[in-house]
1. What are the residues in region 122-151 that are surrounded by 10 or more Cβ atoms within 10 Å (Cβ to Cβ) and either more than 28 Å from T91 (Cβ to Cβ) or touching a Cys at 6+ places or on another chain (Cβ under 7 Å) (or both), if any?
2. Can you tell me which residue within region 23-67, out of those that are among the small types (G, A, S) and surrounded by fewer than 15 Cβ atoms within 10 Å (Cβ to Cβ), is nearest to K13 (Cα to Cα)?
3. Name, by its number, the condition in (1) free of Cβ contacts under 8 Å to residues at least 40 places away in the same chain; (2) loosely packed, with under 15 Cβ neighbours inside 10 Å; (3) more than 18 Å from M42 (Cα to Cα) that does not hold for I154.
4. Quick check on region 119-130. Is at least one of its residues in a helix (DSSP H, G or I) and under 30 Å from M67 (Cα atoms)?
5. Failed condition for P100, given (1) assigned to a helix (DSSP H, G or I); (2) more than 30 Å from E166 (Cβ to Cβ); (3) at pLDDT below 90; (4) not small (G, A, S), with all others met?
6. Residue by residue through region 6-44, note down the ones that are hydrophobic (A, V, I, L, M, F, W, C) and over 30 Å from L107 (Cα atoms).
7. Give me a count of the residues in region 78-99 that are closer than 25 Å to F130 by Cβ and without any contact (Cβ under 8 Å) to a residue 60 or more places away in the chain.
8. Scan region 45-77 residue by residue and report those that are in contact with a Gly (Cβ under 9 Å, 6 or more places away or on another chain) and without any contact (Cβ under 8 Å) to a residue 24 or more places away in the chain.
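The values are calculated or read from the model by the stated rules, or taken from the named source; none is laboratory data. Predicted model only: the values in this text are computed from it and were never measured. Every residue, glycine among them, receives a Cβ derived from its backbone with ideal geometry; neighbour counts consider all protein chains shown.
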Amino acid sequence: MEEKVSTARVALKYGVLGSVVIMIYTTIINVSGLSQNKFLPMLSFVFMIVIMVMGMKEYREQNKGFMSYGEGLGLGTLLSAVMGFLSSMFTMFYIRFIDPTILTQGLDKVRADFEAKGMDDAKIDEAMAFSQKFMSPGIMFAMGVFGYIFMGFIISLVLSAILRREKPVFE
């Protein structure tokens, strides 16, 4: 009887690896003052894709070259959940202990963007109050985890279709 490799083991390994990479990248962006750039933080999704491809390929190699679509989808989603949890924990730690001013910098940027669009002060104040509701640690943590899981699921839908290799039925 063949023994299959656990998707959870591979997801945990590559989820931790991806989290470390994203933590280092995020720290570099924040320390260099480039966190307000809209493009650079999105680059972390490129790291996520690369890590997912590496994890799926390793899983496929450990299972004699086979990986079903469902296994790939599950692996990618679980991997992104691990990455989301660890990365969100790091973000909360970073905001709480390393640089608590990063949230106020973000809110100042949002206010400046609203003013540049020509919004009146009443609407800006209303929008800022709404934005601050989403800046609580619990909501930010939950949104980070669920955001990673959602994006990981979407990316896994595509990667699983590309990297799957079904085992022949009559073998």
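1. Residue satisfying the conditions is K123 alone.
2. First, pick out the residues of region 23-67 that are among the small types (G, A, S): 32-33, 35, 44, 55, 65.
Retained after the next criterion (residues that are surrounded by fewer than 15 Cβ atoms within 10 Å (Cβ to Cβ)): 32-33, 65.
Working: S32: 29, G33: 31, G65: 19 Å.
Within region 23-67, the match that is nearest to K13 (Cα to Cα) is G65.
3. All conditions pass for I154, except number (3).
4. Filtering region 119-130 down to residues in a helix (DSSP H, G or I) leaves 121-130.
Still in the list and also under 30 Å from M67 (Cα atoms): none.
Checking region 119-130: not a single residue is in a helix (DSSP H, G or I) and under 30 Å from M67 (Cα atoms).
5. Only one criterion is unmet by P100, namely (1).
6. The initial filter retains those residues of region 6-44 that are hydrophobic (A, V, I, L, M, F, W, C), namely 8, 10-12, 16-17, 20-24, 28-29, 31, 34, 39-40, 42-43.
Matches in region 6-44: A8, V10, A11, L12, V16, L17.
7. 3
8. Listed by number, the list holds a single entry, V50.
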